[in-house]
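Each remark here refers to the structure printed beneath this line.
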Amino acid sequence: MSVLTVPTGRPRHKVRLLNRLAWFLVPAAPFLIVLALWALAGEIFKPSRQTLPPIGDVVAAIYELAVSGQLATNVAASLYRLLLGSLLGLVTGVIGGFIVGLNRKIAETLNPVVVFFNAISGIVWLPLMITWLGIGTALAVFLIWNTVFFIVFQNTALGVQLVSEVYEQGVRSLGGSRWETLRSVTLPGALPYILTGMRTGLGFGWRALIAAELVGAASGLGTMIFDAAEFHRSDIIIAGCLIIGTISIAMDRWLLLPIERRTVQRWGLVADAEKER
Amino acid sequence: MSLASASGAPGRPVGLPSGWAVAARQLRAVKILFPFLVLIAIWWAIDAAGNFSDRVLVSPKRVFDTVIMLISHGVLAEYVSTSLKIIGIASFISIVVGVPIGFAVGANRYAARSLEGFLRFLQGVSGIAWLPLVIIWFGFTHTTTLAIVIYTLIVPIIFNTMVGARAIPEQYELALRSLGAGRLRLITDVYLPGALPSIVVGLRLGMGYGWRALIAAEMLVRQGGLGDLIFGARTSGQIDRIIGGMIVIGALYLLIDRLLVQPIENLTIARWGVLRK
Amino acid sequence: MTSASADKLSDKIVVSGFRHFFETEDGPVQATGHIDLVIRGGEFVTLVGPSGCGKTTLLKALAGFIRPTEGTLTCDGKPIRGPGRERGVVFQELAILPWRTVRRNIGHGLEIARVPRAEREEKVARLIGLMGLAGFEDRYPHELSGGMRQRVAVARTWAADPDVILMDEPFAAVDAMTRLTLQEELGRLCAATQKTVFFITHSVDEAVFLGDRVLVMTRRPGTIKAVIDVPRRAAGGRDWESFTTDPEMQSIAERVLKLVRAERGASQAEESRAALEATA
């Protein structure tokens, strides 16, 4: 908005260049502000290392974790669970969503149950599943599956129902079989919704995983920060949180966004994934 | 979510005998309850056939009795009110603080760009990951839980308010300004209603994340609340309490969603024909 | 498919005793009246009628998307039981797939029929040239203009080489200038390929311009009210310039317009009466 008010006296192209530079750099600003406030708080309040460690400590903690191999082990453990749980959730969710989306009778019958189990999906199952599965990978995978499944399932079902009937009729009138319409119409047509579901689902799944690892695992990023809390190592906790955030962003940017770009955006179907986060 | 799709059969509806409407409504109630009855029957059969220990699985009747007992002793009310109070305060604060921030940021494209990345990062570090640090700061108290839930709720609210504010067509503002509207009028007549659908999306998503963060935080903080109820029951092996608590959590969440969030959505989005893509 | 042009005068599509009702939650609603109809091989038949008269219902039944409540529909003597490759459809809404490029959309029917790749590509390339889509082969539909998308839709149907082509107001959504071009192109394409075409439209001019025979439908529940033959001087001579200057064509168009107007006027009067009753 304020781009239009060009200060007089400065050449226009220079302003444009500055604007572009600012546009490029501006995402870093909030991070820098937080860092500055953090440093400032350290100077003014002189908090104990346990309450608010200096920035240097956190950097050192990350370095220490990385060099000792602890970081790699825990990240690997967390990602392994996430991958397994999400894949299961994706596959079962898409299949379930197709069955329900294609059959109104089944959809209407199952809807109340789905709504209810969606309401308790994820972390709510932790106490029951600890008793049934014990602490470990199975527990975390179950919680992630449970979280991802419902989101993908509901989005897929919705997407399948919303695929325009006329596309299907078009392919049928070309002589396409039921299977052909499923493959070339319903699946790509529902893809924007499936991808939205996957993105949202991974977001929820990642949270569920960290929560599950706080108490229900012997390794992983959640366990790492929870153990650190016992020794009041806030530097490790903060380091852990930063790593958790970075991984989450990286997954979205480098895994899901490219898929979306190559499919849905290329086809001119805009997913509302951007909005929903 | 609605799993049922509207059928677009052309033709004017013909009048319907009024007795039918009542019968249809009763049929609907049966339809909703039916799948649950099937599930309970399966659960009953498994429990009866498997001869499980009480620490693994109990009968639906035991769970029902336990819930009744918890209600009649006033225990459940206490746990529920603790949870509801925290989610209520957290929603209130998140809306009151988050919406203005969202607008302020949405008004400027540099600010919006700068905060977008930061908010995504914050969302990636799930609230629960900060729990160990917040426990160091505030101890095992309600303040800790509240802080975590606010953190979880406020991010999607700010983010979606920002998106909503930026999506309002400029003509709306220009049209009102040309009618002589002042700043306050613009806020009440253009910005708020224009961004409301998006804000509601944020609130719904935030409630989804926030409710789970609340349950997870309560499990770890152990100062009352439904998360404490089911996690505490785990340590003493009371499966009946765990399952009963899960059912209460699901029902409560649906109640909040259906009684509070959905009516707002219906009032705004459906009424104005502003459809989410 | 086989000999489309050989049996030019034989009955291609026969509709007898057709009537259709939609099942709604409040009971059946009548969509069309009693319809009998014969379309001969190689003929271009257009159908005009007021909106909601059941035109699309008839077309959908011919396409095999809906089962008629009453009556029989046959194509080449065989009853129509579902969609089939011998009956291609060009839809009112855009039915080409957004996730396929122009080339892959046009070749879709051939892909389904397992036509070998080389042959498929050759056919597709020919149609791309014929429809003026050269240079856009690898674009996705959303990157094309409305008129071009409709060309792709037409080409897709032609590529599958059906005997009969059913078209449901295919040019309703494109702008007026583009529509004129598309109509002329369709005329040329039909003359070149000798297909049997059943074409639904709102526009009287379009119906007379394209059709060898024009059917006029009554308002809902629609029946066929009149059949008007349109003599073609030169085979396939369909261009707008001669159409607008030919007094015979103009007088036919006027006749059809009068027939359609009468229906539209009647249905409008009825609608406003119903609206008044509803508010009273």
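The values are calculated or read from the model by the stated rules, or taken from the named source; none is laboratory data. Bear in mind that the values here come from a model prediction, so they are computed numbers and not experimental data. Please note: Cβ atoms are built from the backbone with ideal geometry, for glycine as well, and neighbour counts cover all protein chains shown. Ligands, DNA and RNA are excluded from the accessible area calculation, which covers all protein heavy atoms including side chains. Shrake-Rupley method; radii C 1.70, N 1.55, O 1.52, S 1.80 Å.
For the stretch B:73-141, list the helices (runs of 4 or more DSSP H) that sit wholly inside it and hold at least 2 residues that are surrounded by fewer than 16 Cβ atoms within 10 Å (Cβ to Cβ) and out of contact with any Ser or Thr (no Cβ under 9 Å at 6 or more places or on another chain); which are they?
In the stretch B:73-141, B:75-106 are the helices (runs of 4 or more DSSP H) which contain 2 or more residues that are surrounded by fewer than 16 Cβ atoms within 10 Å (Cβ to Cβ) and out of contact with any Ser or Thr (no Cβ under 9 Å at 6 or more places or on another chain).
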With the condition being farther than 20 Å from residue C:104 by Cβ, I'd like the helices (runs of 4 or more DSSP H) fully within the stretch A:137-212 carrying at least 3 qualifying residues. A:137-162
Here the residues within the stretch B:252-261 that are open to solvent by 20 Å² or more (accessible area, probe 1.4 Å) and either among the hydroxyl-bearing types (Ser, Thr, Tyr) or at the interface with chain A (Cβ under 8 Å from one of its Cβ atoms) (or both) are B:253, B:254
Going by the conditions given, is residue A:217 open to solvent by 10 Å² or more (accessible area, probe 1.4 Å) and without any contact (Cβ under 8 Å) to a residue 12 or more places away in the chain? no
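The rows are residues; the columns are (1) of a type in the set (A, V, I, L, M, F, W, C); (2) at pLDDT below 90.
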site	(1), (2)
A:12	no, yes
A:22	yes, yes
A:40	yes, no
A:47	no, yes
A:57	no, no
A:60	yes, no
A:63	no, no
A:70	no, no
Of the criteria (1) under 23 Å from residue A:172 (Cα atoms); (2) in contact (Cβ under 8 Å) with a residue 12 or more places away in the chain, which one residue C:43 fails: (1)
Residue that is at pLDDT below 90, under 25 Å from residue A:175 (Cα atoms) and within 14 Å of chain A (Cβ to nearest Cβ), where the choices are C:61, C:95: C:95
Just to verify a result, which residue in the stretch C:111-137, among those that are more than 9 Å from chain A (Cβ to nearest Cβ) and under 21 Å from residue A:185 (Cβ atoms), is nearest to the chain's Cα centre (by Cα)? C:124
Would you be able to say whether some residue in the stretch C:56-75 is open to solvent by 30 Å² or more (accessible area, probe 1.4 Å), outside any helix (DSSP H, G or I) and closer than 18 Å to residue A:166 by Cβ? yes
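Identify the residue in the stretch B:183-202 that is open to solvent by less than 40 Å² (accessible area, probe 1.4 Å) and free of Cβ contacts under 8 Å to residues at least 40 places away in the same chain and, among all such residues, is farthest from residue B:160 (Cα to Cα). Full working, then the answer.
Within the stretch B:183-202, the first condition is being open to solvent by less than 40 Å² (accessible area, probe 1.4 Å), and the residues that meet it are B:186, B:190, B:193-195, B:197-202.
Filter once more, keeping what is free of Cβ contacts under 8 Å to residues at least 40 places away in the same chain: B:186, B:190, B:194, B:198.
Details: B:186: 19, B:190: 16, B:194: 12, B:198: 6 Å.
The qualifying residue farthest from residue B:160 (Cα to Cα) is B:186.
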Cross-chain or 6+ apart pairs with Cβ under 9 Å, the stretch A:161-182 first and more than 7 Å from chain C (Cβ to nearest Cβ) and in contact (Cβ under 8 Å) with a residue 60 or more places away in the chain, then of a type in the set (D, E, K, R) and open to solvent by 40 Å² or more (accessible area, probe 1.4 Å): A:161/A:104
Being crowded, with 20+ Cβ neighbours inside 10 Å and either more than 7 Å from every other protein chain (Cβ to nearest Cβ) or over 27 Å from residue B:215 (Cβ atoms) (or both): is that true of residue A:120 here? no
Can you tell me which condition residue C:208 does not meet? The list is (1) out of contact with any Cys (no Cβ under 7 Å at 6 or more places or on another chain); (2) more than 22 Å from residue C:41 (Cα to Cα), and all the others hold. (2)
